[in-house]
Amino acid sequence: MTTPARSGTNTKPDAEAEHLAASRADAAPAAPPATPANTGTAPRGLRDFYENPAVPVASGDARSLRQARMLAAALGPAAVRPAVVLDVGCGDGTAAATAAPLLAGHRVIGVDWSQDALRRARTRLTDVVRGELSDGRLPFRSGAADAVLFSEVVEHLVDPDSALDELRRVLRPGGHLMLSTPNLAAWYNRALLLAGVQPVFSEVSLRAVHGRPGREVVGHLRLYTARALREFVAASGFEVVRLAGAPFHGVPRPLRPLDRLACAAPSLSSILLLHARKT
C-alpha cells in the first residue's frame with residue numbers, strides 16, 4: 001500500500017509492466033469488502049466481502065509513513081538504482097499518496113484482487129495490475145521485483161504460507177519484503193483479554209462486531225504477535241532484518257500519546273512493521 005503516487009487513469013500496465021508480467025493471476029487483498037450476507041463457502045463469502053466499497057481499505061498515515069521510511073532506507077536513492085516495488089494489496093492507493101515523497105523515483109506497481117479497489121487506486125497510481133495470491137501466481141516473472149510492500153494484507157488471508165511463497169518468488173535474491181499487520185498482543189489487547197473482552201483487530205463474524213470495541217468489520221482471519229510474525233516470515237525463507245512498531249489511527253484520542261509511546265517496544269505496539277530480505 002505504498003507508492004510514489006502519480007495521478008493516472010491507465011487501466012492496463014504499460015510496456016515495462018507487461019514485460020514484467022508472466023501470467024495472469026488473482027490476489028486476496030487487504031482491501032475492500034461486499035455483501036457480508038453472501039457468505040456461501042468461505043472463499044466465495046470472502047470474495048463478496050472484499051468487493052464491498054463500504055468497507056475501509058486504508059490503514060492510517062502513521063503506519064504508511066513509517067513503513068515508507070523503512071523501505072526508502074533499504075532501497076537507497078532512486079538516482080543510484082531505481083527499484084521496482086510491487087505494492088501487493090494496494091487497496092485504494094491512499095497509502096501510496098502518503099508515501100510518495102519518500103519513494104520518489106522508484107517504480108511502484110499497485111496490485112490488488114478487488115476490482116473496486118483497483119478502480120479507486122487508478123486515481124492515485126500510474127501502474128495498476130490485477131493479481132491474486134489465493135488462486136495461483138501473481139502476474140510477474142520470478143525475480144522481477146526489488147521490493148514488495150505487503151501492508152495490512154496477511155491478516156486477511158486463508159493461506160498465508162502460500163502467499164509468502166509467491167512473494168518470495170517474485171522477489172530478486174536479496175529483495176526486500178516490507179510487511180505490516182495488526183498486533184494481537186498490542187498493549188490494550190493484553191488488558192482487554194485480562195478483562196475477558198475480545199481483542200481489538202480480531203473478528204468472529206463477517207456480518208457484525210461481537211465482543212470487542214469498535215463497529216467496523218474488516219475481515220481479519222489471522223492475527224500475529226511479534227514473536228509469531230518473526231518465526232512465520234523466517235520459516236518462509238526470509239531473513240528478518242528489523243521489526244518496528246506503528247500506532248493505530250483507531251485508538252481513542254486521549255490514549256494516542258500512550259499508543260505512540262508503545263511503538264518503542266514493538267511487541268506492545270498497535271501495528272507490527274517487519275522488514276525482511278529474501279535469502
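The values are calculated or read from the model by the stated rules, or taken from the named source; none is laboratory data. Owing to the predicted nature of the structure, the values given are computational and were not obtained by experimental measurement. Backbone-built Cβ (ideal geometry, glycine too); neighbour counts: all protein chains shown. What goes into the accessible areas is simple: the full protein's heavy atoms, side chains included, and nothing from ligands, DNA or RNA. Shrake-Rupley method; radii C 1.70, N 1.55, O 1.52, S 1.80 Å.
Quick look at the numbers
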{"item": "Single match in S202, S267 (criterion: among the small types (G, A, S), surrounded by 13 or more Cβ atoms within 10 Å (Cβ to Cβ), in contact with a Lys or Arg (Cβ under 9 Å, 6 or more places away or on another chain) and more than 29 Å from D146 (Cα to Cα))", "result": "S202"}
{"item": "Residue match in the stretch 240-263 (condition: within 16 Å of the chain's Cα centre (by Cα), closer than 22 Å to V88 by Cβ and β-branched (V, I, T))", "result": "no"}
{"item": "Output for the stretch 255-264, where each listed residue is open to solvent by 40 Å² or more (accessible area, probe 1.4 Å), of a type in the set (D, E, K, R) and under 29 Å from V85 (Cβ atoms)", "result": "R260"}
{"item": "Those residues of the stretch 237-254 which are open to solvent by 80 Å² or more (accessible area, probe 1.4 Å) and part of a loop (DSSP other than H, G, I, E, B), in sequence order", "result": "H249"}
{"item": "Residues being over 18 Å from the mean Cα position of the chain (by Cα) and outside any loop (DSSP other than H, G, I, E, B) - total across the stretch 75-94", "result": "1"}
{"item": "Unmet criterion (only one of (1) assigned to a loop (DSSP other than H, G, I, E, B); (2) out of contact with any helix residue (DSSP H, G or I) (no Cβ under 6 Å at 6 or more places or on another chain)) for P257", "result": "(1)"}
{"item": "Complete set of residues in the stretch 126-143 that are touching a helix residue (DSSP H, G or I) at 6+ places or on another chain (Cβ under 6 Å) and open to solvent by less than 30 Å² (accessible area, probe 1.4 Å)", "result": "D127, V128, L133, L138, F140"}
{"item": "Contacts under 9 angstrom Cβ, first residue in the stretch 244-271 being within 23 Å of V154 (Cα to Cα), partner hydrophobic (A, V, I, L, M, F, W, C) and exposed (fewer than 15 other Cβ atoms within 10 Å of the Cβ), 6 or more apart", "result": "G245/A264; G245/A265; V251/L258"}
{"item": "Yes/no for A234 being outside any loop (DSSP other than H, G, I, E, B) and open to solvent by 30 Å² or more (accessible area, probe 1.4 Å)", "result": "yes"}
